[in-house]
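What follows draws every value from the coordinates through simple rules; no lab data is involved. Just so it is clear, the structure is predicted and the values come from calculations on it, not from any experiment. Cβ atoms come from the backbone with ideal geometry, glycine included; neighbour counts cover every protein chain shown.
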Amino acid sequence: MTFILCLKLEKKKEYNKFCQTYFWFHIRNDKIYNMTKYVIPKDIEKDATEYMKDVLSDLENRGILENTDSAALTMLARNYSVFIKASKQLEKDGLTVESDRGNLAAHPLIKVANDAQNKAMKVMLEFGLTAKARTKLPQKEKEEDDSPFTQFVKSGKETR
């Protein structure tokens, strides 16, 4: 089973911006099948867009991306973006604000950041995007290298 990831950049007149569209193709018996199309949301933070490119590449390499995953990927992208925005604002404003009575209170964006982080983490766990979640995924069998050098390294003895 072979998968190919293609990136298509097209300029949309209504946005006057380039739109990034990822296509996955499955090659079986020399025939190409379009598996899924996913568009990274345009209105998310730049860091979230870069992360989503890495996520898509990783999922494609593992061959686990399906047509039904686009909604979950959008939830991940949007929640991660909200987390980034809230965190940046908290860095500027600080962790506390003054209430209407003059008391110090926790900044409301702390809850926003925590909620977005929790939601993003749940989706990341579903896709195996954390170290712990990856340990629970079935591992690909590694090809055994039986070269003389590999045998020497493993056993410490030269074989001919």
Checklist entry - Which FRET efficiency value, to the nearest 0.05, do you get for Asp54 and Leu95 by plugging their Cβ-Cβ distance into 1/(1 + (r/R0)^6) with R0 = 30 Å? => result 0.55
Checklist entry - Ranking Arg134, Arg78 by Cβ neighbours within 10 Å, fewest first, what do you get? => result Arg134, Arg78
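What do you get when you divide the Cα radius of gyration of the range 55-97 by 2.2 N^0.38 Å, with N the number of residues?
Details: Rg = 15.3 Å, N = 43, 2.2 N^0.38 = 9.2 Å.
Computed over Cα atoms of the range 55-97, the ratio equals 1.66.
Quick check on packing: order 52-65, 90-103 by the mean number of other C-beta atoms within 10 Å, highest mean leading.
Descending packing order for the listed peptides: 52-65, 90-103.
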